[in-house]
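Structure first, commentary second.
The values are calculated or read from the model by the stated rules, or taken from the named source; none is laboratory data. Worth saying up front: this structure is predicted, and the values here are computed from it rather than measured. Every residue, glycine among them, receives a Cβ derived from its backbone with ideal geometry; neighbour counts consider all protein chains shown. Quick note on the areas: whole protein, heavy atoms, side chains included, nothing else; ligands and nucleic acids left out. Shrake-Rupley method; radii C 1.70, N 1.55, O 1.52, S 1.80 Å.
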Amino acid sequence: MQFERIPYQSDWYREACQLRNELLRKPLGLDLLQEGLSEESEYFHYGMIVDNKVIACALAIPVSENKAKVRQMTVASEYQKQGIGKLLLQKIELDLKEREIEMVELDARSSVVEFYKKLGYVAEGEEFLSVSIPHLHMVKSLVDNL
């Protein structure tokens with residue numbers, strides 16, 4: 001298994017979009033592939049690769065000079081509960097730190113808030129609805145945390 005920066009519009013990018021769509025959007029009656037994805041050319045895309053296939057992915061959006069927002073992190077069903085999500089996020093944080101990002105934020109689905117807390121993320125504010133399900137805004141400083 002290897003961690004990779006995924007180039008926009010590459011075969012891995014298309015696989016990551018399919019994975020995001022199947023696991024995060026379709027269960028909510030949404031279709032990622034019907035959304036305009038052109039703005040994603042400005043995002044950082046990441047994946048865990050096994051046998052040249054994307055089995056986990058996420059993206060990070062530069063929010064400011066030193067802040068990024070992680071979004072749509074997912075792990076293929078058959079690879080869940082094996083520490084791959086944790087490894088992916090740790091590798092993303094290292095990459096963002098190399099890019100001089102000091103703060104990471106994300107909107108965690110309520111069902112995975114504890115996962116992020118274990119990795120050092122802190123909840124901010126009140127629970128809110130996004131794509132019809134409860135979320136919590138979370139942040140983590142990358143300064144002296146890696």
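Please pull out the direction-averaged projected area of the stretch 2-101, using the convex hull of its alpha-carbon atoms, in nm² to one decimal place. Before the final figure, lay out the partial values.
Values: hull surface 25.3 nm².
Taking a quarter of the hull surface, the average projection is 6.3 nm².
What does the helix-only formula give at 222 nm for the chain: each DSSP H stretch with n ≥ 4 adding -39500 (n - 2.57), the total divided by the residues, and the result rounded to the nearest 500 deg cm²/dmol? Please list the in-between numbers first.
Numbers: 3 runs with 31 residues, N = 146.
One gets -6500 deg cm²/dmol as the mean residue ellipticity at 222 nm.
DSSP loop (so not H, G, I, E, B), at most 15 other Cβ within 10 Å: list which trypsin sites (Lys or Arg not before Pro) in the stretch 61-90 pass both filters. Can you show the working numbers first?
Details: sites: LYS67, LYS69, ARG71, LYS81, LYS86; in loops: LYS81.
Sites meeting the loop and neighbour criteria: LYS81.
Roughly speaking, to the nearest percent, how much of the stretch 2-101's 1.4 Å accessible area is carbon and sulfur? Don't jump to the answer; show the numbers that get you there.
Working: 2410 of 5320 Å².
On the stretch 2-101, the fraction of accessible area on carbon and sulfur atoms equals 45 percent.
Roll a 1.4 Å probe over the protein chains and send me the accessible area per residue for the chain in Å².
Working: 8070 Å² over 146 residues.
Solvent-accessible surface per residue comes out at 55 Å².
Within the set of other residues whose C-beta is less than 9 Å from the C-beta of HIS135, count the net charge using Lys and Arg as +1 and Asp and Glu as -1. Spell out each step's value before the answer.
Working: positive: ARG109; negative: ASP107, GLU127.
Cβ neighbours under 9 Å give a net charge of -1.
So if I place +1 on the C-beta of Lys and Arg and -1 on the C-beta of Asp and Glu, and nothing else carries charge, what would the dipole magnitude of the chain be about its Cα centre? I want it in debye, nearest 20.
On the way: 18 positive and 24 negative charges, 87 e Å.
Around 420 debye, computed over the chain.
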Problem set entry | Antiparallel DSSP beta bridges within the chain, percent to nearest 5 | 90
For this session: Give me the distance in nm between label points sitting 7 Å out from Cα along the Cα-to-Cβ direction at VAL112 and ILE133, one decimal.
Result: 0.9
Exercise. Which value in nm describes the separation of the simple spin-label points at GLN2 and ARG14, placed 7 Å from the Cα toward the beta carbon?
Worked result: 2.1
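Starting from 0.36 nm per residue, how many nanometres of slack lie between LEU30 and VAL143 once their C-alpha separation is accounted for?
Working: separation 113, 0.36 × 113 = 40.68 nm, distance 3.63 nm.
This chain segment gains 37.0 nm when fully extended.
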